[in-house]
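In what follows, a single structure is set out as structure tokens and then discussed.
The values are calculated or read from the model by the stated rules, or taken from the named source; none is laboratory data. Note that the coordinates shown come from a computational prediction; the quantities given were computed from them, not determined experimentally. Don't worry about glycine lacking a Cβ; one is built from the backbone with ideal geometry, like all the others, and counts go over all protein chains shown.
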Amino acid sequence: MNAPEVLNGDATLNDVNDANEANEANDAIDEPDETEALKARIAELEDKNLRMMAEFDNYRRRTNKEKLDLMATAGERIFKEMLPLVDDFERATDAMEKTDDIESVREGIKLIQQKFISFLDKQDVHAIETDGVDFNTDEHEAITTFAAGEDKKGKVIDCTQKGYKLGDKVIRFAKVVVGE
């Protein structure tokens, strides 16, 4: 055996070589462990990502289905509330056939009309004002103009078809005759 060499008086060359070999062995052991840990972390994140994408896809499908169901049944409540009006019209039709008293039939029809207007009010549907107001392209549709003098210029003279708003949104423009 060779005599150990002394470095700085304390450590031998063999001791240094042994330490270097131990460090290299530890590095070799640490690298695969670290690589495996990183691979496991990547797999975990990929799994989480895949699950999140699946959850989002399910959420999107569920909300789309709910929207379709809502659109299909959106008018159900309104139609249910209209059914009593249909019943009233049927009773009025029967009464017209059985009676000669035109005045009572006329009153019955007016009551049904008032009931229907009340129903529209509950649904926030209101007629657009046209009597003597200034012509407004946001609410009125001019079907013709009429020479009516300076005091009626730009004003609605006649309404041929009522317009309606649902809340603040025009759902049918009022068809009007405008003075020029």
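Taken together, the residues in the stretch 91-125 that are closer than 30 Å to Lys169 by Cα, among the β-branched types (Val, Ile, Thr) and in a loop (DSSP other than H, G, I, E, B) amount to 0.
So, of the residues in the stretch 147-180 that are of a type in the set (Lys, Arg) and part of a strand (DSSP E or B), which turns out to be surrounded by the fewest Cβ atoms within 10 Å (Cβ to Cβ)? Among those that are of a type in the set (Lys, Arg) and part of a strand (DSSP E or B), it is Lys169. Evaluate the stretch 123-146: report whether one residue or more is surrounded by 11 or more Cβ atoms within 10 Å (Cβ to Cβ), under 29 Å from the mean Cα position of the chain (by Cα) and polar (S, T, N, Q). Taking every residue of the stretch 123-146 in turn, at least one turns out to be surrounded by 11 or more Cβ atoms within 10 Å (Cβ to Cβ), under 29 Å from the mean Cα position of the chain (by Cα) and polar (S, T, N, Q). Is there a residue in the stretch 81-90 that is at pLDDT 95 or above, among the aromatic types (Phe, Trp, Tyr) and either over 28 Å from Gly163 (Cβ atoms) or assigned to a helix (DSSP H, G or I) (or both)? Checked against the condition, which is being at pLDDT 95 or above, among the aromatic types (Phe, Trp, Tyr) and either over 28 Å from Gly163 (Cβ atoms) or assigned to a helix (DSSP H, G or I) (or both), the stretch 81-90 yields no hits at all. In this structure, is Arg61 within 22 Å of the chain's Cα centre (by Cα), part of a helix (DSSP H, G or I) and surrounded by 10 or more Cβ atoms within 10 Å (Cβ to Cβ)? The answer is yes for Arg61.
In the set Thr99, Thr130, Thr73, Thr63, only one residue is at pLDDT 90 or above, over 30 Å from Cys159 (Cβ atoms) and not charged (D, E, K, R); that residue is Thr63.
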